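The values are calculated or read from the model by the stated rules, or taken from the named source; none is laboratory data. It should be emphasised that the depicted structure is a prediction, and the values quoted were computed from it without experimental measurement. Here the Cβ positions follow ideal geometry from the backbone for every residue, glycine too, while neighbour counts run over all protein chains shown. Surface areas here come from the heavy atoms of the whole protein model, side chains and all, with no ligands, DNA or RNA. Shrake-Rupley method; radii C 1.70, N 1.55, O 1.52, S 1.80 Å.
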Amino acid sequence: MKKSIIQGVISIGLFFGMWFSLKEIDWVGIFKVEQLTDKTEQKLGDLFWEGIKKTEQENKNTDVTHAIDSIVNHICLSNNIDIEKLNVHVIMKDEINAFALPNGHLVIYSGLILNADNQDELAGVICHEIAHIELNHVMKKLTKEIGLSVLISITTGNGGTEVIKQTLKTLSSSAFDRSLEKEADLKAVDYLVNANINPTNFANFLYKISETDSNIESYITWVSTHPESKERAKYIIEQSKGKLTHFKSILSNDTWNKLKEELNDFDYQE
Amino acid sequence: MIHSNPFNYQLSEEETESASNSYLMSLIAIIAGLPLPILNLLATFIFYLGNRNSTYFVRWHCTQALLSQLSMLFINSFGFWWTISIIFTEENITNSYIAYMLTAILFNIVEFIATMYIAIQIRKGIHIELWFFGPLTNLICKSKS
């Protein structure tokens with residue numbers, strides 16, 4: 001009995017001793033795990049953005065880009081987020097949609113801006129998407145749904161355009177896991193509060209959109225793919241309770257109205 | 001770590017074959033069901049059930065084979081689920097994970113070689129007690145006479 005106990009303890013000790021000793025070595029650095037994923041993310045982001053640029057029209061009007069950049073800059077500065085990591089693009093499309101791509105690309109459709117009653121609603125959606133980027137949800141979703149091997153094969157040019165197209169569709173028109181969506185919502189509330197923006201407007205936006213006429217539901221990609229908008233609005237309100245201080249708008253009313261005017265008057269090119 | 005000890009009675013050809021097969025069983029199952037660590041344990045357990053009324057020598061070795069598989073089950077299951085959580089959840093590849101997998105692989109290789117060696121020796125009629133599992137088997141498996 002004594003013999004087997006001693007030998008058992010030695011065996012277990014040997015196992016854990018070896019594990020803990022090997023743990024001291026920087027395997028992640030040796031196998032370049034992070035470098036591989038960083039490079040893959042960078043290449044994927046650029047590939048997807050190139051794909052969008054080919055089919056959609058980007059609005060580069062300075063009134064539009066300055067207004068959106070002001071909102072994004074203010075959010076990032078208030079939350080110590082590295083602004084250099086983000087690439088914000090406004091795409092001219094009627095759909096109410098915004099989504100994040102790998103490597104910090106943040107795509108906002110003009111339909112979303114035009115359907116926002118005020119800038120705080122837009123800021124809420126932007127914060128939600130920045131949260132997805134900051135929490136690394138984009139790569140997690142891609143790795144889970146497509147697999148790291150396919151992602152790497154896309155970046156090495158073996159993926160084919162159809163795979164890129166399908167992957168892009170997954171990113172632009174399907175939601176993340178419920179838990180990831182909630183995490184991004186709650187993080188967005190923190191970002192909004194830190195940026196002195198009223199999170200209630202973000203919740204109102206979700207309420208408003210969820211009660212929109214079902215005939216135009218197909219245009220509301222951002223909400224129809226994000227389940228349980230009302231429930232989300234509720235926990236956003238709950239999360240912002242007690243955090244409400246004094247809020248101020250980032251853009252002047254003139255700049256906000258000018259932004260909408262520019263989007264309405266956009267000259268579409270064939 | 002391998003310790004041999006002669007049995008005190010003449011072993012028949014059938015006995016050494018059955019006892020040796022109990023180790024081979026786990027080896028075959030390792031190859032067949034490598035991603036699922038439970039398969040080799042199941043194979044060894046089924047073989048153990050089939051031979052529990054056999055002679056003392058066969059029973060003894062079936063028990064030792066089962067016990068050695070059981071310990072590997074814990075190590076491999078932990079590694080298996082850790083890998084699954086990295087693939088499907090927010091878990092990341094860390095130094096700790098790689099170190100664990102390397103340790104687990106090394107223990108598996110040692111166990112694989114030891115099992116292969118023991119299967120050959122038992123077939124020749126040489127009784128072998130593994131480190132830790134041998135004394136443990138002596139405690140569990142008693143002669144009926």
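Just the residues that are surrounded by fewer than 20 Cβ atoms within 10 Å (Cβ to Cβ) and over 17 Å from B:PHE47 (Cα atoms), please, taken from segment B:66-80. Once the filter is applied, which keeps residues that are surrounded by fewer than 20 Cβ atoms within 10 Å (Cβ to Cβ) and over 17 Å from B:PHE47 (Cα atoms), segment B:66-80 yields B:SER71, B:PHE74, B:ILE75, B:SER77, B:PHE78, B:GLY79, B:PHE80.
A single member of A:ILE113, A:ILE96 is part of a loop (DSSP other than H, G, I, E, B) and in contact (Cβ under 8 Å) with a residue 60 or more places away in the chain, and it is A:ILE96. Of everything in segment A:160-180 that is of a type in the set (D, E, K, R) and not in a loop (DSSP other than H, G, I, E, B), the residue that is surrounded by the fewest Cβ atoms within 10 Å (Cβ to Cβ) is A:GLU162.
Residues are listed down the side, and each one gets a yes or a no for (1) outside any helix (DSSP H, G or I); (2) more than 13 Å from chain A (Cβ to nearest Cβ):
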residue: B:ARG59; (1), (2): no, yes
residue: B:GLN64; (1), (2): no, no
residue: B:LEU67; (1), (2): no, no
residue: B:SER71; (1), (2): no, no
residue: B:PHE74; (1), (2): no, no
residue: B:GLY79; (1), (2): no, no
residue: B:GLU91; (1), (2): yes, no
residue: B:THR103; (1), (2): no, no
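Listed conditions (1) within 20 Å of the chain's Cα centre (by Cα); (2) open to solvent by 60 Å² or more (accessible area, probe 1.4 Å); (3) more than 22 Å from B:SER85 (Cβ to Cβ); (4) modelled with pLDDT of 75 or more are all met by A:ILE197, apart from (2). Among the conditions (1) outside the structural domain of A:THR200 (by TED's automatic domain parsing); (2) at pLDDT 85 or above, A:ASN257 misses just one, which is (1).
Check segment A:64-81 and report whether any residue there is within 14 Å of another protein chain (Cβ to nearest Cβ), over 30 Å from B:SER96 (Cβ atoms) and surrounded by fewer than 13 Cβ atoms within 10 Å (Cβ to Cβ). Break it down into steps so the answer makes sense when it comes.
To start, the set of residues in segment A:64-81 that are within 14 Å of another protein chain (Cβ to nearest Cβ) comprises none.
Looking through segment A:64-81, none of the residues is within 14 Å of another protein chain (Cβ to nearest Cβ), over 30 Å from B:SER96 (Cβ atoms) and surrounded by fewer than 13 Cβ atoms within 10 Å (Cβ to Cβ).
Please indicate, with yes or no, whether at least one residue in segment B:124-136 is part of a loop (DSSP other than H, G, I, E, B), within 14 Å of chain A (Cβ to nearest Cβ), aromatic (Phe, Trp, Tyr) and over 14 Å from B:TYR23 (Cα atoms). Yes: one or more hits.
Taking segment B:116-145 as the search range and keeping residues that are among the β-branched types (Val, Ile, Thr) and over 15 Å from the mean Cα position of the chain (by Cα), which one is most open to solvent (accessible area, probe 1.4 Å)? Break it down stepwise before answering.
Of the residues in segment B:116-145, the ones among the β-branched types (Val, Ile, Thr) are B:118, B:120, B:122, B:126, B:128, B:137, B:140.
Subsequent filtering for residues that are over 15 Å from the mean Cα position of the chain (by Cα) retains B:126, B:140.
Details: B:ILE126: 69, B:ILE140: 98 Å².
Filtering segment B:116-145 for residues that are among the β-branched types (Val, Ile, Thr) and over 15 Å from the mean Cα position of the chain (by Cα), the one most open to solvent (accessible area, probe 1.4 Å) comes out as B:ILE140.
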